[in-house]
1. Restricting attention to segment 24-35, report how many residues are crowded, with 17+ Cβ neighbours inside 10 Å and in a helix (DSSP H, G or I).
2. Answer yes or no: is there a residue in segment 107-119 that is in contact (Cβ under 8 Å) with a residue 12 or more places away in the chain, of a type in the set (Lys, Arg) and touching a Leu at 6+ places or on another chain (Cβ under 7 Å).
3. Where in segment 90-187 are the strands (runs of 3 or more DSSP E), entirely inside, with at least 1 residues that are over 23 Å from Ile46 (Cβ atoms)?
4. Would you point out the residue of segment 92-114, among those that are β-branched (Val, Ile, Thr) and touching a helix residue (DSSP H, G or I) at 6+ places or on another chain (Cβ under 7 Å), that is farthest from Ala57 (Cα to Cα)?
5. Residue by residue through segment 81-102, note down the ones that are among the polar types (S, T, N, Q) and within 18 Å of Ser185 (Cα to Cα).
6. Taking Gly152 as the residue in question, decide whether it is modelled with pLDDT under 95, touching a Ser or Thr at 6+ places or on another chain (Cβ under 8 Å) and within 20 Å of Ser94 (Cβ to Cβ).
7. Identify the residue in segment 36-88 that is assigned to a loop (DSSP other than H, G, I, E, B) and β-branched (Val, Ile, Thr) and, among all such residues, is surrounded by the most Cβ atoms within 10 Å (Cβ to Cβ).
Amino acid sequence: MTFTRALSTNFTGMDATPAAAAAEVALEELPVAVRRVIDTAMLAGIPYSLRRLPSKAVDPESIATACGTEPGALARGLVFRGKATRKPMLVLASATTNVDERALAQIVGEVLERVDAATTERITGFPPECLPPFSLARRLPIIMDQTLVELGRVWCMAGCPDLIMSVPTGILASAIAARIARIDSSR
């Protein structure tokens, strides 16, 4: 299956999982950044389902409803950097996860600080609200919350604020070489 055929037939890429209240998208409607994300998914063998969010879907609850899932199944990307080394890293966590920065520091061996929106965009090539888990401007170490892996499938942003994609977490974790760890402070 070619990229063009997958997009022109049903725009669900390699996955036919339906999403309630989220609309299909035509190839010619996609921004360049989203095409880059989809190309990367196809090349890495990551099955996906891409949907356009309704304009009213702006918070985790309404986004989850539009995707026919729970807010916990929404993955968000957060960029941190080491306070001493200044080396950036991407953390993938559920929208409902309270990221424990002390746990992260123990995992990476350094105290971390979360970067601001402008730095996130400079490092990744995407604004924070659009940040996909792959196809970043530069290769970053990635820590993925164990909670996401346990779900089996998550929804993550696709490089544009109104486009979201569903991906299987096991394949995603392998494709992005993510380090899996418990990072939820509420556990």
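The values are calculated or read from the model by the stated rules, or taken from the named source; none is laboratory data. Source: prediction; values computed, not measured. FYI the Cβ positions are ideal-geometry reconstructions off the backbone, even for glycines, and counts take in every protein chain you see.
1. Going through segment 24-35 one residue at a time, the tally reaches 2.
2. Yes, some residue in segment 107-119 is in contact (Cβ under 8 Å) with a residue 12 or more places away in the chain, of a type in the set (Lys, Arg) and touching a Leu at 6+ places or on another chain (Cβ under 7 Å).
3. Numbers: elements: 112-114, 142-145, 153-160, 163-168, 179-181.
Fully inside segment 90-187 and qualifying: 112-114.
4. Within segment 92-114, the subset β-branched (Val, Ile, Thr) is 96-97, 99, 107-108, 111.
After this cut, where a residue has to be touching a helix residue (DSSP H, G or I) at 6+ places or on another chain (Cβ under 7 Å) as well, the list is 96-97, 111.
Working: Thr96: 16, Thr97: 19, Val111: 35 Å.
Filtering segment 92-114 for residues that are β-branched (Val, Ile, Thr) and touching a helix residue (DSSP H, G or I) at 6+ places or on another chain (Cβ under 7 Å), the one farthest from Ala57 (Cα to Cα) comes out as Val111.
5. Our first condition is that a residue be among the polar types (S, T, N, Q); within segment 81-102, this holds for 85, 94, 96-98.
Correct list: Ser94, Thr96, Thr97, Asn98.
6. Details: modelled with pLDDT under 95: yes; touching a Ser or Thr at 6+ places or on another chain (Cβ under 8 Å): yes; within 20 Å of Ser94 (Cβ to Cβ): yes.
In short, yes.
7. The initial filter retains those residues of segment 36-88 that are assigned to a loop (DSSP other than H, G, I, E, B), namely 45-48, 53-59, 68-70, 83-87.
Narrowing further to those that are β-branched (Val, Ile, Thr): 46, 58, 69, 85.
Details: Ile46: 23, Val58: 13, Thr69: 18, Thr85: 11.
Here the answer is Ile46.
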